[in-house]
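Encoded as structure tokens, the structure appears first; notes follow it.
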Amino acid sequence: MKNYIKLFTASTLLILSSCSNDFLETAPVTEKVTENFYKTPKDAFEGLVSVYDVLQQVGGWADLQMITEEASDNCFGGFGTADGPGALDWDRFLNSSDLEMNNPIWQTCYKGIYRANVLLENLDKVDWGTDTVLKTKYEAEARFLRAHFHFELARIFGDIVALDHTIKTEELYSPRVAPEVTYALIANDLKFAAANLGTENYSQPENPNYGRITKWAAEAYLAKAFLFYTDYYNKTDLAGVVTKAEAVTSINDVVNTSGHALIADYSRLWLAASLANYAGEGNTEMVWAVRYNSSGKGDWGLHEGNRLSVLIAPRGGNIGPYASGWGGCPVTPSLYNAYENGDTRRDATIINFAGEGLDFDPAPNKRDQRQFTGYTWKKYCPITNAAGEAIVTANGGNFQIDNYEDYAVIRFADVLLMAAELNLGTNAGFAQTCLDRVRDRAFKNATHRVPVTITSIMNERRLELALEGQRYFDLIRQSPEVAKAAIDNVNSDSQFNVTFRTETLGWFALPQSQIILSNGSIKQNPGW
């Protein structure tokens, strides 16, 4: 969904006026606004694209994937010795350097919610003719995306302001709501999406709908929301909307019916791990991904590229097949050492500078790498061509903003591990099979299987989904105490010392500006 006309809708600005002159209330006739726009299915499609477009905008310095990996036991903060302390604050559970450090996530997710609500409130104005199926499909996609943005906010901040409509003036100072309210909205939106999207598998890029929401993505996401909510809040169902039996049915349906599958070689999932043997973004394992490309060609306003890539790439210049970046989120030795011998995922996930014979000097007068561990991301790392030049740059793009590897939100391996977890205790044989499929692929044999337990599943999730933005949430949903036991790090070199603060309950600090703008209706999260 890359070729589109963007709708310039403001998500945070309400224009208030006490003037009652009729001529001031006349709808514009020379530009597109909500009042005169939604007339045709094409208009509705453009509105839907504007919601999808927000997915690409979450990246940047406060990329949710990056900061949650920093907060987990997978990564430290990193970047350069002269860089600001923001990355260290995310790593160390501090909020001393920038009270707005989490505002990009807050603003971007609410922009997505706003755009989804605008579309949903205007679908009935469109002349659909006899094509009511298309209307329902657009509604299902918009509701899925609204659920996604709510879920991202709720996993980061805990209690949030849940919005199933565009707010009115009198609602500007709405307080945060109880988690069951937010998750009931999420669950209902995902159920609607799952029930009203077709059974097509859109994972292949030659499909014109590649990258759009499917029934399978909705069912998998429903299971993901169920697991987080029921674990973290110690509940038996998803906000009274989805029972465990329904969650099991949903995830098993994706496993058995979707047509998605594991590709044979784990390394082929990732550009830098496979190079010429890359399976491509449209492989059968991708249940849903945020799409990126390099078509922006240096335009900072387009949000076409994956901005995470440059943040985590090796600092100080291209090295070997890996293109240059800013050295954020150096990988912890504990993650590297967690992989068993023979596990193909380790070297597909992590760059081991010494192990790969790369001469990386972290000194300030060399590459200036803060918190050098000897390891960094291979997943999502940009690459060079045969001449040693970054491919993005060689193709006329900007190495900071035009990286093109898609972000895998839900892979089929994640589906299998969720199915293993949800089927524990009721269908142990199926749970074991799901876990076995993941480990068999990792080791390329069936001799490394382990009994299926919640411990073995959580361990497998760390190894399989490392650096994909899942680990931190898997830790805190078990409990703040479990998170602390995993994340705390004491080292003879104090730059690597990390103390998880259980008083935060795992939630991130709210942006100070949002607390001020709420006129007192929103209070800071505990521990901050």
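The values are calculated or read from the model by the stated rules, or taken from the named source; none is laboratory data. Only a predicted model underlies this, so the values are computations on that prediction, with no experimental measurement involved. A quick note on method: Cβ atoms are made from the backbone with ideal geometry, for glycine too, and the neighbour counts reach across all protein chains shown. Only protein heavy atoms, including side chains, enter the accessible area calculation; ligands, DNA and RNA are left aside. Shrake-Rupley method; radii C 1.70, N 1.55, O 1.52, S 1.80 Å.
Under 8 Å for C-alpha pairs, at least 6 residues apart: give me the relative contact order for the stretch 241-340, rounded to a whole percent. Could the numbers behind the result be given before it?
Details: 84 pairs, mean separation 13.6, N = 100.
Normalised by residue count, the contact order of the stretch 241-340 is 14 percent.
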Once the dipole of the stretch 174-215 is set up from charges on Cβ (+1 Lys and Arg, -1 Asp and Glu), the residue from the list Ala178, Asn201, Asn188 lying farthest towards its positive end is Ala178
Measure off 7 Å from each Cα along the Cα-to-Cβ vector at Thr344 and Asn395, then give the distance between these two points in nanometres to one decimal. 2.5
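For the stretch 32-177, what is the relative contact order in percent, using Cα pairs closer than 8 Å and at least 6 residues apart in sequence?
Details: 136 pairs, mean separation 40.7, N = 146.
RCO, the stretch 32-177: 28 percent.
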Could I have the simple spin-label model distance between Glu35 and Ser456, label points 7 Å from Cα toward Cβ, reported in nm to one decimal? 6.4
The alpha-carbon center of the stretch 209-268 and that of the stretch 325-348 are separated, in whole Å, by 27
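So how strong a dipole does the chain carry about its Cα centre when Lys and Arg Cβ are +1 and Asp and Glu Cβ are -1, to the nearest 20 debye?
Working: 47 positive and 64 negative charges, 102 e Å.
I would put it at about 500 debye.
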The stretch 382-451 - charge dipole about Cα centre, Lys and Arg +1 at Cβ, Asp and Glu -1, debye rounded to 20: 420
Taking Cα atoms, the helix 132-157 axis meets the longest principal axis of the chain at an angle in degrees (rounded to 10) of 50
Using Cα centres only, tell me the gap between the stretch 136-183 and the stretch 440-519 in whole Å. 25
Taking Lys168 as the anchor, which aspartates and glutamates have their alpha carbon closer than 18 Å to its alpha carbon, excluding any fewer than eight residues away along the same chain? Glu25, Glu35, Glu121
From the phi angles alone, apply the Karplus equation (6.51, -1.76, 1.60; θ = phi - 60°) to the stretch 161-171 and give each ³J(HN,Hα) in whole Hz, x where the residue is Gly or Pro. 8, 7, 10, 9, 7, 6, 6, 9, 4, 6, 9
Do any trypsin sites (Lys or Arg not before Pro) in the stretch 286-381 lie in a loop, going by DSSP, with at most 15 other beta-carbon atoms within 10 Å of their beta carbon, and if so which? Lys297, Lys366
Distance (nanometres) between label positions extended 7 Å along Cα→Cβ at Ile516 and Asn352: 4.9
If you count, for each residue, the other Cβ atoms within 10 Å and average over each peptide, how do 426-433, 148-155, 159-166, 414-421 line up from highest to lowest? 414-421, 148-155, 159-166, 426-433
Once you keep just the Cα pairs under 8 angstrom separated by 6 or more residues, what percentage relative contact order results for the chain? 18
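State which entries of Lys111/Lys244; Lys215/Lys444; Lys379/Lys444; Lys39/Lys224; Lys215/Lys484; Lys42/Lys224 exceed 26 angstrom in Cα-Cα distance in the structure shown.
Listed pairs above 26 Å: Lys111/Lys244; Lys215/Lys444; Lys39/Lys224; Lys215/Lys484; Lys42/Lys224.
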Would you list, by chain and number, the aspartates and glutamates whose Cα falls below 17 Å from the Cα of Lys235, excluding same-chain residues fewer than 8 positions away? Asp159, Glu180, Glu246, Glu421, Asp474
Can you list which of the chymotrypsin sites (Phe, Trp or Tyr not before Pro) found in the stretch 287-362 are DSSP loop residues with at most 13 other C-beta atoms within 10 Å? Trp300
Which percent, nearest 5, of DSSP beta bridges in the chain are antiparallel? 95
Residues of the stretch 69-108 with amide N under 18 Å of the 7 Å Cα→Cβ point at Asn365: 81-82
Provide the per-residue ³J(HN,Hα) series for the stretch 383-400, in order, calculated from phi with Karplus coefficients 6.51, -1.76, 1.60 and θ = phi - 60°, each as a whole number of Hz, with x at glycine and proline positions. 10, 9, 8, 4, 8, x, 9, 4, 4, 4, 5, 4, 8, x, x, 9, 5, 7
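Nearest 20 debye, what's the magnitude of the dipole of the stretch 368-521 about its Cα centre given +1 on Lys and Arg Cβ and -1 on Asp and Glu Cβ?
Details: 15 positive and 17 negative charges, 77 e Å.
Here the stretch 368-521 has a charge dipole of around 380 debye.
Using the heavy atoms of the protein chains and a 1.4 angstrom probe, tell me the accessible area per residue for the chain in square angstrom. Before the final figure, lay out each step's value.
Working: 20760 Å² over 528 residues.
Computed with neighbouring chains in place, this is 39 Å² per residue.
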Asserting the computed 222 nm helical MRE of the chain (DSSP H runs at least 4 long, -39500 (n - 2.57) per run, divided by residue count, to nearest 500) equals -12000 deg cm²/dmol
